[in-house]
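Asks: Before I ask anything, let me first share the structure, which is written out below as structure tokens.
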Amino acid sequence: MSGKLRLLDLALLVVAGFLFWQLRREWVGSQARDLALLHSTLAAARVPGLSPLDRVDALTAAEYADVAMKNLFSQDRNPNVILDPVKPPPPKPQPPFPVAHGVMLWDGVPPTIVLSEKADGPQRGYHPGDSIGPWKLVSVDPSYADFEWDGKDFKKRIDELIDRTPIAVASASGPAAPQGAALPKTDVKALSNPAHAGPGVDLGGGGFKGCLADDSSPTGTVVDGMKKVITATPFGQNCHWESAK
């Protein structure tokens, strides 16, 4: 048994010696290579020079105008100035319509409408084409009157043009007479021939004239060669004076 152990120990010693010799040989070769590399010289390699860069042109501001105009964060740099829209002038105020006092439509006589600029203004007869204040009379019929103002046409019903403001009438009954006092005498002649009976303003042709507001004379009254004629219309009584001949 001891002989086998000695042989095993001898074999292990041989293997250990072989490994040591192999490691030393590798170490010596590495040292030799390092020394050879340290003392060796390399020839300098020729490096070609760098090629010159392309020439850059000088910068001009005009080339960047599109960049400035399309800058979303600076819209005021756009050369196209956006002006504020011009507000149209306010429309002209429409003037009030004239006041109608009656219409006269007879064969052979142009249509006539009695108008005044205001309810208490002077009255006169107007024919189509005549102007009253800012208005121009275009046409008239028994129910409607067409006017023109500022290039616009207006069609109004005649009954809408009539002034219906109640007229304040002074009380004709004065203070009560004392008991036992004599009553004033009534002038019968003044009642039969009112002081204000007579033709009024000219109605604009045809020899017709209007009636005064306080004329209470009956139809058929003749004054200064003119006869009073009262006719019924859809808008009430129409009063005018015409030649008695």
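Coordinate-derived values only; no laboratory data. Since we're looking at a predicted model, the values are computed, not measured. Positions of Cβ are backbone-derived with ideal geometry, glycine not excepted, and every protein chain shown enters the neighbour counts.
Asks: Of the listed peptides 17-26, 216-225, what is their order by residue-averaged count of other C-beta atoms within 10 Å, with the highest listed first?
Replies: Peptide ranking by packing, descending: 216-225, 17-26.
Asks: Here is a further query. Rounded to the nearest 20 debye, what is the charge dipole size of the range 34-119 about its Cα centre when +1 sits on each Lys and Arg Cβ and -1 on each Asp and Glu Cβ?
Replies: Computed charge dipole of the range 34-119: roughly 220 debye.
Asks: What is the fewest-to-most order of 101, 39 by other Cβ atoms lying within 10 Å of their Cβ?
Replies: 39, 101
Asks: Give me a comma-separated list of calculated 3J(HN,Hα) values for the range 33-38, in order, Karplus coefficients 6.51, -1.76, 1.60 applied at θ = phi - 60°, integers in Hz, x for any Gly or Pro.
Replies: 5, 5, 5, 5, 5, 5
Asks: Treating cross-link reach as a plain straight distance, find the lysines whose alpha-carbon is under 26 Å from the alpha-carbon of residue 155, omitting any fewer than eight places away in the same chain.
Replies: Here the lysines satisfying the reach criterion relative to residue 155 are 92, 118, 136.
Asks: Continuing with this model, one more query. Using only Cα atoms, locate the centre of the range 6-62 and the centre of the range 138-161, then give the distance between them in Å, rounded to an integer.
Replies: Taking the Cα centre of each part, the range 6-62 and the range 138-161 sit 117 Å apart.
Asks: More than 25 Å apart: what percent of Cα pairs in the range 1-111 qualify?
Replies: Numbers: 4803 of 6105 pairs.
The calculated P(r) of the range 1-111 puts 79 percent of pairs beyond 25 Å.
Asks: Taking θ as phi - 60°, what are the ³J(HN,Hα) couplings along the range 120-136 by the Karplus curve (6.51, -1.76, 1.60), each to the nearest whole Hz, with x for Gly and Pro?
Replies: The phi angles translate into 9, x, x, 9, 7, x, 10, 10, x, x, 7, 10, 10, x, x, 9, 10 Hz.
Asks: Can you list residues whose amide H is under 5 Å from residue 238's amide H, if they're 5+ apart or on another chain and H is modeled 1.01 Å from N?
Replies: For residue 238, whose amide H was placed from the backbone, the distant partners under 5 Å are 231, 232, 233.
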